[in-house]
Amino acid sequence: MQELPDNPSWLLRQAARAFDKKHYRRASCLCWTELRRNPNDYFVLCLYANSLYRLGGRYNDHKAASLYKQAIEINPSLPLAHAGLGIIHYSNALRIHQEYPSSIFPGGSWVMFADESDAEEPSNLMRKGFADYECGNRKVAIKELEKAANLASDIADKVELLLMATEIHCIINNEDGIKAYKEILHMAPDCIPAHFHLAGCYAATYYLHKQSPPTSYYGEHFTGNDKLALKEYKFIKRNAPELATDLESVLARFNISVR
C-alpha cells in the first residue's frame, strides 16, 4: 500500500526508488533528509517508517511506530499510516505468540500479553507491558488494521488487512475469529484464505466444546461445528485442491475426518 503524493519531491522519489530496490537503509536516510525540510510530510513519514520497519529490530520498530503515529495525527483519514502501525504490532504479536508456548514458559504467551495497554485508552504511565515494549500489542494491531481496511478503496487491500486483523482475533478469542472471517467472506465470498482458516476455527471450537460439553445456549450454538468445518473443507477441495491435504491435516488434529 506504499503511496506517493501527486508531485513528490526529488528526495522522496529517490527514497521510493531505493525502497523498491530493497535498499532500506538508503531509503531511510533519504527520508530523514527530506523530513529536515518538510517535517510534516505524511508520505515521507510513512516511507521513513516503512524503511525502518524493514530494517528490523526493536529500536527500529519503536521509531517506525512513532513516525506512523505522527503521520496519523497529520492525516487520520488516509489508510497508509494506520496499515503500517497495525502491521508492526501484528507481526510482533505473532512472534510473541509463537515464541512463548505454554509447554516452555508457564502460562505461555498469555502471560506476555497480560498487561498490554488498551488501544482505545492507552496508559499514560511510563511503564509498559511486555507486548507494548515489543510493539506487539494485539489490540492496537486489530484496531489499526481494521481502520486501514475501512479507509482503503481497493477491495484486495481491504481483504488483506482484515485477514491479518482476524488472525489476531483468533489468538485472543476463536469465536471472535469466526465472526471476523464471516465478515470477510461477506465482502469477498471466494477468499480462499478465509475459507481455509474458518474451517480451522470451526474445528478448534468443535474440539474444545467436545472436550467440555456446553451447558448454556450460547455454547450449544456452536455444536455441530464439525459439519461447518467439513463444509469449508469441501469448498477448499473444489476451489483450491492444492490446499486440501494441508487442511485435512489441520482438521485431523481436532479429530475431524474428511473420509
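Read the figures in this text as sums done on the coordinates, not as results from a lab. Only a predicted model underlies this, so the values are computations on that prediction, with no experimental measurement involved. Every residue, glycine among them, receives a Cβ derived from its backbone with ideal geometry; neighbour counts consider all protein chains shown.
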Rounded to 10°, Cα long-axis angle of helix 138-151 versus longest principal axis of the chain: 70
Sequence of 158, 179 once ranked by neighbouring C-beta atoms within 10 Å, starting from the fewest: 179, 158
Between helix 42-55 and the chain: long-axis angle, C-alpha atoms, 0 to 90°, nearest 10: 60
Extension gain, residue 54 back to residue 153 (0.36 nm per residue minus Cα-Cα distance, nm): 33.2 nm
Cα-based equivalent ellipsoid, the stretch 1-95: semi-axes from gyration tensor eigenvalues, Å: 19, 15, 11
Shape box of the stretch 77-172 [Cα atoms, principal axes, largest first, Å]: 43, 31, 15
Nonlocal amide H pairs with residue 117, under 5 Å, H built at 1.01 Å: 129, 132
The stretch 43-97: Cα Rg divided by the 2.2 N^0.38 Å rule of thumb: 1.05
About the Cα centre, charge dipole magnitude for the chain (Lys/Arg +1, Asp/Glu -1 at Cβ), debye: 700
Base-10 log of normalised Debye intensity for the chain (one unit scatterer per alpha-carbon) at q = 0.11 Å⁻¹: -0.70
Karplus-derived HN-Hα couplings along the stretch 161-167 (A = 6.51, B = -1.76, C = 1.60, θ = phi - 60°), whole Hz, x at Gly and Pro: 5, 5, 4, 5, 4, 5, 4
Least to most buried among 19, 254 (fewest other Cβ within 10 Å first): 254, 19
Residue-by-residue Karplus 3J(HN,Hα) for the stretch 61-72, coefficients 6.51, -1.76, 1.60, Hz, glycine and proline x: 5, 5, 5, 4, 4, 5, 5, 5, 4, 5, 5, 5
Taking 208, 45 and counting other C-beta atoms within 10 Å, the order from fewest to most: 208, 45
Protection proxy ranking of 182-189, 77-84 - average other beta-carbon atoms within 10 Å, highest first: 77-84, 182-189
